[in-house]
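Colleague: To start, I am sharing the structure in question, which I have written as structure tokens.
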Amino acid sequence: MKNITSGVQRRGKAALTRNMLSGPDRFASLYTDLSNPVTNHIYMNIGYKPLADSVVYVFR
């Protein structure tokens, strides 16, 4: 079942990205968990490229 799910997710993200880029949007971006090699591999396969890291600071 996991392989089916990842295939569906990959096609869904690829379709969403194509739809965004076929309209007025000139780029698409997303945040991903760097420690998850499966999703990062999927994103790179559909054309996303790593550009920068981000950090979230919480002050209390």
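Colleague: Would you mention how many residues in the stretch 3-60 are assigned to a helix (DSSP H, G or I) and among the polar types (S, T, N, Q)? Quick ask: steps written out before the conclusion?
Modeller: As a first pass, look at the stretch 3-60 and keep what is assigned to a helix (DSSP H, G or I): 3-22, 37-45.
Still in the running and among the polar types (S, T, N, Q): 3, 5-6, 9, 17, 19, 22, 39-40, 45.
Residues meeting the conditions: 10.
Colleague: When you check K13 against the structure, is it exposed (fewer than 10 other Cβ atoms within 10 Å of the Cβ) and basic (K, R), yes or no?
Modeller: Details: exposed (fewer than 10 other Cβ atoms within 10 Å of the Cβ): no; basic (K, R): yes.
No: the conditions fail for K13.
Colleague: Between a first residue in the stretch 1-17 that is of a type outside the set (G, A, S) and a second residue that is modelled with pLDDT of 55 or more, which pairs have beta carbons less than 6 Å apart while being 6 or more apart in sequence or on different chains?
Modeller: As it stands, the answer is R10/I42; T17/A28, since those pairs meet every condition given.
Colleague: Another question about this same structure. Could you list, in sequence order, the residues of the stretch 46-60 that are loosely packed, with under 10 Cβ neighbours inside 10 Å and not hydrophobic (A, V, I, L, M, F, W, C)?
Modeller: In the first step, residues of the stretch 46-60 are kept if they are loosely packed, with under 10 Cβ neighbours inside 10 Å; the result is 49, 51-60.
Within the stretch 46-60, K49, D53, S54, Y57, R60 qualify.
The values are calculated or read from the model by the stated rules, or taken from the named source; none is laboratory data. All of these numbers come straight from a predicted model, not from anything done at the bench. Here the Cβ is made from the backbone with ideal geometry for all residues, glycine too, and neighbour counts use every protein chain on show.
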